[in-house]
Amino acid sequence: MTPEIREPGKPSRGINWPGVIAGLLVLALPFLGSWWRLILGTGALIFTASPFGVQLSIFGESIHSPLVWWLGLAVQLCVLYIGLLLLIGSLLAGTRRYAAIATLLVRFSARKLLWLLLAFVAALFVFSVLANHLSELAGLPFPLHLPYLVGSTSIAAGVDGLRITIPVFMGFTRAFTVAVLAALLGLVAGEYQ
Amino acid sequence: MTARILSAVVHLIPALIIIACAGSDFAVHGWDVPATLIGEDPLVVVERLVPAAADFDEEPFELNELTVSEDRSTLVLDLLVHSPFTVPVTIKDAVVQVALNGTAITLRASDEVIIPARGSGSLRLEGALPGLTAAPAVLPLDQFTLSRMSITVDVSGIELELESSELGVLG
């Protein structure tokens, strides 16, 4: 049975359209693929990441952790749940009868994606910082200068007649742009509500 | 009251999803912690990636023959290259310096060569041959001393440049 919460005397503000759009974008996010990628060479190593999982492929061989896969699935389900709540809450905002439930649902879900996005970018930034200090931490015989989050460079190292040059590319994908848009619209939806 | 219950349920569901998924992972892997965390044995993955010396008993380079072009102006060295890599490799450049009776001759790869994964490919090196108009069409390899060798290979965009000097007699 659907819980019925009424706030008599408080008029409906109409459908929360930013919330509706944000909800739909959030629902699409788990199906849009990775948010960030790191490529060494032309595909010698491909590392893709999103809050829904990480994938590592070295010379075409995939390496994965079951726990990361299951946790990625958990985040996917949570994001779908948040998107659904945001969509339902934003639509219910147009009714007087369920206005309070709508407020509860939108307030709960509106900023969640933004936090997820910030946590993801912060984790990537920490990864970039650690990777840039890897030569000092691991005592590598060559300096390692990688871009922070976005960019391309080339790592060169040489020992005893062997020289290796590795082009490095890292960057965000279109799915990340959709996530940013959805997070911003969620923020607007929260304020609107 | 209803609002409080609804709020509690709404907040609780994500936590339940995460716990259920982590629990499912352990249950699927028979509550074996290493299998749950790592999955496949990393050593098996490394064995697939890194060419094992035991599986690859061929020398990387096999000298076929050293010939002289019809007009006696070019020395041609044909090599058979065996790749231990599990991915295709492109030989972008190869330079070999050989010495014949004290005369240094530089041979360079005429074209890029793609060697299939764990396969073989022919590499042809050519160089100007100074003053050997009376040379036979096929020269014995042991007359030549390999003084320097430089090879540049591309493995999935990663460029490896190997350089060796004072390598000894070709044959």
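Which value in deg cm²/dmol, rounded to the nearest 500, describes the helix-derived mean residue ellipticity at 222 nm for the protein assembly as shown, given -39,500 (n - 2.57) per DSSP H run of n ≥ 4 and division by the residue count? Can you show the working numbers first?
Values: 9 runs with 134 residues, N = 364.
That calculation yields -12000 deg cm²/dmol at 222 nm.
Got a sec? How would A:L91, B:L49 order by Cβ neighbour count within 10 Å, fewest to most?
Numbers: A:L91 18, B:L49 15.
Going from sparsest to densest Cβ surroundings: B:L49, A:L91.
How long is chain A along each principal axis, judged by its Cα atoms, biggest number first, in Å?
Extents along the principal axes: 82, 28, 26 Å.
Regarding the protein assembly as shown, what's the average projected area of the Cα-atom convex hull, expressed in nm²? Please report the intermediate quantities before stating the final value.
Details: hull surface 101.7 nm².
Approximately 25.4 nm², given one-decimal rounding.
Between segment B:100-133 and segment A:142-193, how far is it from one alpha carbon centroid to the other, in angstrom?
42 Å
Taking the Cα centre as origin and putting +1 on Lys and Arg beta-carbons and -1 on Asp and Glu beta-carbons, what dipole magnitude results for chain A, to the nearest 20 debye? Display every interim value, and only then the final one.
Details: 11 positive and 6 negative charges, 167 e Å.
It works out to roughly 800 debye.
Sort A:K112, B:K92 so the one with the fewest other Cβ atoms within 10 Å of its own Cβ comes first.
Details: A:K112 21, B:K92 15.
Fewest-to-most ranking of A:K112, B:K92: B:K92, A:K112.
State log₁₀ I(q)/I(0) for segment A:52-158 at q = 0.10, 0.17, 0.19 Å⁻¹ as given by the Debye formula over alpha-carbon point scatterers of equal weight, solvent excluded.
Rounded to two decimals, the profile gives -0.51, -0.96, -1.06.
In degrees from 0 to 90, rounded to the nearest 10, what is the angle of the helix A:112-132 Cα long axis to the longest principal axis of chain A?
10 degrees
Which residues in segment B:75-103 place their backbone N less than 14 Å from a point set 7 Å from the Cα of B:L63 along the Cα-to-Cβ direction?
Those under the cut-off are B:76-80, B:96-101.
At A:V121 and B:L43, where each label point lies 7 Å from the Cα along Cα→Cβ, what is the point-to-point distance in nanometres?
Reported label-point gap for A:V121 and B:L43 is 4.4 nm.
Computed from the coordinates by the stated procedures, all read-outs in this text should not be read as laboratory data. Bear in mind the structure is a predicted one, so any value in this text is a computation, not a measurement. Positions of Cβ are generated from backbone atoms using ideal geometry, with glycine treated the same way; all protein chains shown enter the neighbour counts.
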